[in-house]
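Enquirer: The following block contains the structure, expressed as structure tokens.
The values are calculated or read from the model by the stated rules, or taken from the named source; none is laboratory data. Being a predicted model, the structure only gives us computed values, none of them experimental. When we count neighbours, we look across all protein chains shown, and the Cβ atoms used for this are built from the backbone with ideal geometry, even at glycine.
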Amino acid sequence: MRLEEYWGVGPKTRETLADALGTERAIRAIEQGDVRALTDAGLPRGRATRILRRATGGAGMDTLATADARDAYKELLDLAVEHAVTDRAADRMRVLTPLTDVEAMRGRLDDVLAARNAWAALEDADRRTVLEAYSRYDDRAGSERAAVEAALALIEAGVDSGPFETIADLEAATLEEAAAALAALDGGRVREEADDELDRLRDALGTVEDMDANALEVIEDLRSDGVATVTEFRDAFEDRLVSETQLTLAQVHEAMPREATDATDFVGSTLRGLRSDLTAAVDEREAAVREDLEGTLEDASDDVSMAVSAVDDIGFHLSLARFALAYDCTRPTFRTEGEPAVSVVAARNLSLAAREEGPVQPVTYTLGDHTVTAADLEPEEGLSFDETAIDVDPEELPGDERVAVLTGANSGGKTTLLETCCQIVLLATMGLPVPAERAEVTPVDSLVFHRRHASFNAGVLESTLRSIVPPLSSGGRTLMLVDEFEAITEPGSAANLLHGLVRLTVDRDALGVFVTHLADDLEPLPPEARVDGIFAKGLNPDLELLVDYQPRFGTVGRSTPEFIVSRLVANADDRSERVGFETLAEAVGNDVVQRTLADARWSG
């Protein structure tokens, strides 16, 4: 295969990769999803990531049918990458794509959840040990020594299940010896402190070299000590050499010349002889130590190779495990037979949870044939308001409608619910746990996610229709998540077009949620569609709007303007302003406004 045949590789990119890596190595890097190799070759990280996503998961990327679906996918990856233990793991996470094979989804889920459970079972101290080892591994760009040390940290922590099983059978003692040998070797040289005798010889050689470079000063120092005769000079020089180099007297004597014309000749000849002897001794000792260390590495080569391979793979799964644990994610189930469905129980929006602005109210929602019960609809303790979120009469449970029109209060969480459904489906099809107590997902061929875009012109309408209608017409399984379609065209036409989209979604046996304020204009809906509503519940003592984010099934939600008007009346700055808002209060129902204000003051 030629480089140009890969998505995103044009002539300039091909030339860059071929010059830096060679064609074969560049192809291998693309096939293996190696972001680092491509960025080291000179490609921007974003471009390298896009190329690899298409090369390794092109069919999965094709399921993201709209720009907003692709943006939601990238936002999820950004959240996941925050929990990566190494840069290499982060790179591998960035090229994760939706999968098209359910067994592959289940297989990845098995690995990630096993890693999550193993990580959750560790003591905090063991977690810190592992993370510190991976930090050193990252700092050294995945060197063999860092990989072996990381493997030892994992073994010491006792993680031996799921993806960690690959290191469970490695001998810790063998890896410790290998780590010491790798620490001792430095590109063919033996590092300091690897061998005491080699260090002693190197120190002695260094001392002799310093003396040789300053021979005249040595002679002057000896003479200043009061030596007067040749014998005294010779003895003083011997004593200094033995003292400062830790050489034996015999070694010093052997290096001294039998004849010398003067003190300078005597000292210089002695030091040159010692340098020669010590250089040979250092080389001989270093060769012996290096041979011994290399023998240790040869004996441990299988364990080292397994550690290098396993540590990188474990780092990837460990990163995903930390992400799943951080958001209390669980295993979704996949519906591969029968009618399509998406149902979530106590689902949380990851974007909101990541902001850490307090607890996120979970929501339960369904499309298609589902297994949600009345118990699933009871509000979670501490997160509900005075009334239960939903009347849990079995007759008012959500039906098996495949399409829903979602209505309700402004800032009531309708868009967030769409985003949550999108996140759940994306994570599930990527083979990752989802932020819900329970979730059931039919993998789709096309995910159409359309956020509200307040651009009122014909061009935006046309481009929107071109992006959301073709996936419905393709004949595959489609999930439509469309937010306030009416924002891009005039209300009358919007209602007609939206009704047509709902009908087309039903006709194509697709799943869909359409957020709108035009529900009354869409009647009658097909029997396969229903209307759900989100309701404002009142004002808190600070006159802030309270919304119950759990939709009520089969009920049109209301924006409840009386709550907004109540707040404006209460916060009016002067009498004339208050009179104006009181006029609005009469229009929406003055008795309701006054009761709302009284309730807010009473609760305060």
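Enquirer: Can you find even one residue in the stretch 356-373 that is within 30 Å of Asp400 (Cα to Cα) and aromatic (Phe, Trp, Tyr)?
Expert: yes
Enquirer: Enumerate the pairs (first residue in the stretch 420-432 and farther than 16 Å from Ala353 by Cα; second residue anywhere and among the aromatic types (Phe, Trp, Tyr) and part of a helix (DSSP H, G or I)) with beta-carbon separation below 7 Å, excluding pairs fewer than 6 apart on the same chain, so at least 6 apart or on different chains.
Expert: If the second residue must be among the aromatic types (Phe, Trp, Tyr) and part of a helix (DSSP H, G or I), the pairs left are Leu426/Tyr73.
Enquirer: Working only within the stretch 94-104, note down all residues that are farther than 19 Å from Leu52 by Cα and in contact with a Ser or Thr (Cβ under 7 Å, 6 or more places away or on another chain).
Expert: Val102
Enquirer: Among residues belonging to the stretch 400-453 that are among the hydroxyl-bearing types (Ser, Thr, Tyr) and over 24 Å from the mean Cα position of the chain (by Cα), point out the one that is surrounded by the most Cβ atoms within 10 Å (Cβ to Cβ).
Expert: Thr407
Enquirer: Moving on. Do we find that Val112 is of a type in the set (Val, Ile, Thr) and under 22 Å from the mean Cα position of the chain (by Cα) in this structure?
Expert: Yes, satisfied.
Enquirer: For the stretch 43-61, check the following and say yes or no: at least one residue is at pLDDT 90 or above, touching a helix residue (DSSP H, G or I) at 6+ places or on another chain (Cβ under 9 Å) and outside any helix (DSSP H, G or I).
Expert: Yes, because at least one residue in the stretch 43-61 is at pLDDT 90 or above, touching a helix residue (DSSP H, G or I) at 6+ places or on another chain (Cβ under 9 Å) and outside any helix (DSSP H, G or I).
Enquirer: On to the next question. Taking the stretch 279-331 on its own, how many of its residues are among the small types (Gly, Ala, Ser) and within 14 Å of His83 (Cβ to Cβ)?
Expert: 5
Enquirer: Then there is this: Does the stretch 535-559 hold any residues that are over 23 Å from Ala510 (Cβ atoms) and either at pLDDT 85 or above or among the hydroxyl-bearing types (Ser, Thr, Tyr) (or both), and which are they?
Expert: Once the filter is applied, which keeps residues that are over 23 Å from Ala510 (Cβ atoms) and either at pLDDT 85 or above or among the hydroxyl-bearing types (Ser, Thr, Tyr) (or both), the stretch 535-559 yields Tyr549, Gln550, Arg552, Thr555, Ser559.
Enquirer: Those residues that are among the polar types (S, T, N, Q) and touching a residue at least 12 places away in the same chain (Cβ under 8 Å), I need them from the stretch 173-225; list them, please.
Expert: Listed by number, the residues that qualify are Thr174, Thr207.
Enquirer: For a quick check of your reading of the model, give me the residue pairs whose first member lies in the stretch 76-88 and is surrounded by fewer than 19 Cβ atoms within 10 Å (Cβ to Cβ), whose second is acidic (Asp, Glu) and not in a loop (DSSP other than H, G, I, E, B), with beta-carbon atoms closer than 8 Å and at least 6 apart or on different chains.
Expert: Filtered contacts from the stretch 76-88: Asp87/Asp138.
Enquirer: Moving on. May I ask you to list the residues in the stretch 206-237 that are closer than 13 Å to Leu271 by Cα and surrounded by fewer than 16 Cβ atoms within 10 Å (Cβ to Cβ)?
Expert: Gly206, Glu209, Asp210, Ala213, Asn214, Leu216
Enquirer: Here is a follow-up. Select the helices (runs of 4 or more DSSP H) contained entirely in the stretch 167-284, then report the ones holding at least 1 residues which are at pLDDT below 90 and within 30 Å of Arg140 (Cα to Cα).
Expert: 172-184
Enquirer: Sticking with this one: Only one of these is under 18 Å from the mean Cα position of the chain (by Cα) and basic (Lys, Arg): Arg94, Arg106, Arg128, Arg145. Name it.
Expert: Result: Arg94 is the single residue among Arg94, Arg106, Arg128, Arg145 that is under 18 Å from the mean Cα position of the chain (by Cα) and basic (Lys, Arg).
Enquirer: Something else about it: In the stretch 301-320, which residue that is aliphatic (A, V, I, L, M) and modelled with pLDDT under 95 is nearest to Leu352 (Cα to Cα)?
Expert: Leu318
Enquirer: Can you go through Val372, Val308, Val344 and tell me which one is assigned to a strand (DSSP E or B) and either in contact with a helix residue (DSSP H, G or I) (Cβ under 9 Å, 6 or more places away or on another chain) or assigned by TED's automatic domain parsing to the domain that holds Leu426 (or both)?
Expert: Testing whether each residue is assigned to a strand (DSSP E or B) and either in contact with a helix residue (DSSP H, G or I) (Cβ under 9 Å, 6 or more places away or on another chain) or assigned by TED's automatic domain parsing to the domain that holds Leu426 (or both) leaves just Val344.
Enquirer: Then there is this: Report every pair of residues separated by at least 6 positions or lying on different chains whose Cβ atoms are under 6 Å apart, first residue within the stretch 359-373 and small (Gly, Ala, Ser), second part of a strand (DSSP E or B).
Expert: From residues that are small (Gly, Ala, Ser), the pairs are Gly368/Ala341; Gly368/Leu511.
Enquirer: What about Arg106, is it without any contact (Cβ under 8 Å) to a residue 40 or more places away in the chain and of a type in the set (D, E, K, R)?
Expert: Here the answer is no, as Arg106 does not meet what is asked.
Enquirer: Being in contact with a Pro (Cβ under 9 Å, 6 or more places away or on another chain) and not in a loop (DSSP other than H, G, I, E, B) is the requirement here; does Ala37 meet it?
Expert: Against the criterion (in contact with a Pro (Cβ under 9 Å, 6 or more places away or on another chain) and not in a loop (DSSP other than H, G, I, E, B)), Ala37 does not qualify.
Enquirer: Here is a follow-up. Filter the stretch 1-34 down to residues that are farther than 29 Å from Asp313 by Cβ, modelled with pLDDT of 90 or more and outside any helix (DSSP H, G or I), then give me how many there are.
Expert: Here the count works out to 1.
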